[in-house]
Amino acid sequence: MRSLLAALLVLTGGAAAAEAPLPSPLEAGWQGKPVCEKLSENAAVRTLRCTFAPGTGHERHFHAPHWGYILTDATMRITNAQGTSVRQLKAGDWWWSDGFAWHEALNIGTTTGIYLIVEPKPR
């Protein structure tokens with residue numbers, strides 16, 4: 001049995017290990033340090049504040065459906081399954097996302113970016 005499992009891992013390039021669940025934005029950090037903090041949580045919603053100094057990123061993580069709001073300008077490099085893009089985040093901008101399997105980010109600008117993530121909970 002152990003030989004069969006080892007053979008499968010070799011044939012799939014270790015895909016079984018790659019299926020480990022990714023962290024949420026709150027659990028994910030950067031170089032062992034958190035970047036998001038929980039501001040509020042109740043039965044209906046969780047609100048996070050995420051802060052990215054220049055050169056700080058957010059390791060690969062998933063997102064449930066959420067609403068986001070930019071508090072301070074920043075230039076972020078975002079990588080996901082579709083590729084890599086650079087986004088100029090402007091204070092006062094907002095977005096809605098139906099969620100996604102994964103992405104990772106890095107502040108490549110000269111200002112600290114701060115934004116809120118509001119996650120409605122399933123009912």
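Each row is one residue, and each column tells you yes or no for (1) of a type in the set (A, V, I, L, M, F, W, C); (2) at pLDDT 95 or above.
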{"residue": "A7", "(1), (2)": "yes, no"}
{"residue": "A20", "(1), (2)": "yes, no"}
{"residue": "L26", "(1), (2)": "yes, yes"}
{"residue": "D73", "(1), (2)": "no, yes"}
Legend entry - Filtered residues of region 41-93 (kept if part of a strand (DSSP E or B), among the hydrophobic types (A, V, I, L, M, F, W, C) and touching a Leu at 6+ places or on another chain (Cβ under 9 Å)): L48, C50, F52, F62, W67, I70, L71, A74, M76, I78
Legend entry - Which listed residue, of G68, G14, G55, is more than 10 Å from the chain's Cα centre (by Cα), on the phi > 0 side of the Ramachandran plot, at pLDDT 95 or above and not aromatic (F, W, Y): G55
Legend entry - Qualifying position, being surrounded by 11 or more Cβ atoms within 10 Å (Cβ to Cβ), farther than 18 Å from P34 by Cα and either modelled with pLDDT under 95 or more than 16 Å from the chain's Cα centre (by Cα) (or both), among K90, K121: K121
Legend entry - Those residues of region 35-52 which are under 15 Å from the mean Cα position of the chain (by Cα) and either hydroxyl-bearing (S, T, Y) or exposed (fewer than 13 other Cβ atoms within 10 Å of the Cβ) (or both), in sequence order: E37, K38, T47, T51
Legend entry - Tabulated pairs, region 95-123, first free of Cβ contacts under 8 Å to residues at least 40 places away in the same chain, second part of a loop (DSSP other than H, G, I, E, B) and of a type in the set (A, V, I, L, M), C-beta under 6 angstrom, 6+ apart or interchain: G99/A64
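The values are calculated or read from the model by the stated rules, or taken from the named source; none is laboratory data. What you see is a predicted model, and the numbers here were worked out from it, not measured in a lab. Here the Cβ is made from the backbone with ideal geometry for all residues, glycine too, and neighbour counts use every protein chain on show.
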